[in-house]
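Each remark here refers to the structure printed beneath this line.
The values are calculated or read from the model by the stated rules, or taken from the named source; none is laboratory data. Remember, it's a predicted structure, so these values are computed and weren't measured experimentally. Don't worry about glycine lacking a Cβ; one is built from the backbone with ideal geometry, like all the others, and counts go over all protein chains shown. Surface accessibility is based on the protein's heavy atoms, side chains included, excluding ligands, DNA and RNA. Shrake-Rupley method; radii C 1.70, N 1.55, O 1.52, S 1.80 Å.
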Amino acid sequence: MINIILCVISYDIWFYISHILLHKNAYLKNIHKIHHEVNYENMIYSDAYVGHYFESPFQSIGAVIPILFITIHFYEFILVVFFLNVRGLIRHDHRLIWLYGNHHILHHKYSNCNYGEYWIDYIFNTLEEK
């Protein structure tokens, strides 16, 4: 179980860093704009996968970093991938705010805050709770 938690935390940290890069770097911003072309008021779960082909693999690197240092079983990594994908789908759907909150949907509304999970945005003062 600790291996799964390490992969998720590593993913969350890298996702936050990479997401800021996608917003602040001119070249990467041009790639990421495809994901933000979705109207935030009508977002549904499948909008999580709208984006440039480079973006998803780039933002997923964090989940595999722990594998360089620890032994993780295949089934554990499958659970990590499943969890991260389901969480990503939920974060993009207005109908599921009751389940996970509107943290990421607010990012799509304002785009200069809420780059990652609630906890990491809180730590780095990029949290917006409008």
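Free of Cβ contacts under 8 Å to residues at least 12 places away in the same chain, among the hydrophobic types (A, V, I, L, M, F, W, C) and assigned to a helix (DSSP H, G or I): does that describe Phe82? So Phe82 passes the test. Filtering Ser56, Ser60 for residues that are small (Gly, Ala, Ser), touching a residue at least 40 places away in the same chain (Cβ under 8 Å) and open to solvent by less than 80 Å² (accessible area, probe 1.4 Å) leaves a single hit, Ser60. Screening region 2-19 for residues that are closer than 9 Å to Gln59 by Cβ and of a type outside the set (Gly, Ala, Ser) and picking the one that is most open to solvent (accessible area, probe 1.4 Å) gives Trp14. Just one of the numbered conditions (1) over 19 Å from Gly51 (Cβ atoms); (2) assigned to a loop (DSSP other than H, G, I, E, B); (3) of a type outside the set (D, E, K, R) is not true of Gly116: (1).
Per this entry, Ile44 is not counted among residues that are open to solvent by 50 Å² or more (accessible area, probe 1.4 Å) and closer than 20 Å to Phe77 by Cβ. One residue stands out in region 89-113 among those that are over 15 Å from Tyr45 (Cα atoms) and in a loop (DSSP other than H, G, I, E, B): the one that is least open to solvent (accessible area, probe 1.4 Å), namely Cys113.
Take Phe124 and decide whether it is more than 20 Å from Ile5 (Cβ to Cβ), open to solvent by 30 Å² or more (accessible area, probe 1.4 Å), in contact (Cβ under 8 Å) with a residue 60 or more places away in the chain and among the aromatic types (Phe, Trp, Tyr). Answer is yes for this residue.
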